[in-house]
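The values are calculated or read from the model by the stated rules, or taken from the named source; none is laboratory data. Predicted model, so just to flag it, every value in this text is computed and none were measured. Glycine gets a Cβ as well: all are built from the backbone with ideal geometry, and neighbour counts include every protein chain shown. When the accessible area is computed, the model is the full protein with side chains, heavy atoms only, and any ligands, DNA or RNA have been set aside. Shrake-Rupley method; radii C 1.70, N 1.55, O 1.52, S 1.80 Å.
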Amino acid sequence: GFRKVFRVFLDEKNYPIDFHCIGGADRTGCDAWILNGILGVAEDDLMKDWELTCFEYESQAFGHESRIDQFLKGLNKYPGVTMKEKCENYVKALGFTDADLAKFRSIMLK
């Protein structure tokens, strides 16, 4: 699924982009994590952002802690010392290139 998402973000005609879901800490939260990770957002800030999306829920039935654990377990399979490197290597494993990553950064960091 992220392959489709990243293609949208690589096309400047799609901007501005507003993306969301009902919970924000499932697919959309993972997408936001990876996109922000590529941009170099610190892992502590990525985690805070993830946690903030979960304050809306009155019960723990949502299970955001187990979901982030599963997500990070998958992301940590990719090489890299920093979260930025792991996010970049995940995206490269999907078939994207260094040029794609540079284009995304250029668009987002104008």
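Sequence-distant contacts, meaning Cα pairs under 8 Å at least 6 residues apart, place the relative contact order of the chain at 31 percent. Could you work out how far helix 83-93 tilts from the main Cα principal axis of the chain, as a 0 to 90 degree angle to the nearest 10? For helix 83-93, the angle is close to 60 degrees. Ordered by solvent-accessible area of protein heavy atoms (1.4 Å probe), largest first, the residues MET108, MET47 come out as MET108, MET47.
Summed over qualifying helices (DSSP H, 4 residues or more, each -39500 (n - 2.57)) and divided by its residue number, the chain shows a 222 nm mean residue ellipticity of -18000 deg cm²/dmol.
If R0 equals 30 Å, the separation of the Cβ atoms of GLU51 and ALA99 corresponds to a calculated FRET efficiency of about 0.35.
The angle between the Cα long axis of helix 98-108 and the longest principal axis of the Cα atoms of the chain comes to about 70 degrees, rounded to the nearest 10.
A DSSP coil position with no more than 16 other Cβ atoms inside 10 Å describes the following chymotrypsin sites (Phe, Trp or Tyr not before Pro) in segment 1-38: PHE19.
Against the chain, whose longest principal axis is taken from its Cα atoms, helix 43-52 shows a tilt of about 50°.
A probe of 1.4 angstrom, applied to the heavy atoms of all protein chains, finds GLU43 with accessible area near 90 square angstrom.
Hey, which of these cross-link pairs are over 19 Å Cα-Cα: LYS4/LYS48; LYS13/LYS110; LYS48/LYS92; LYS4/LYS92; LYS48/LYS77? Table pairs above 19 Å Cα-Cα are LYS4/LYS48; LYS48/LYS92; LYS48/LYS77.
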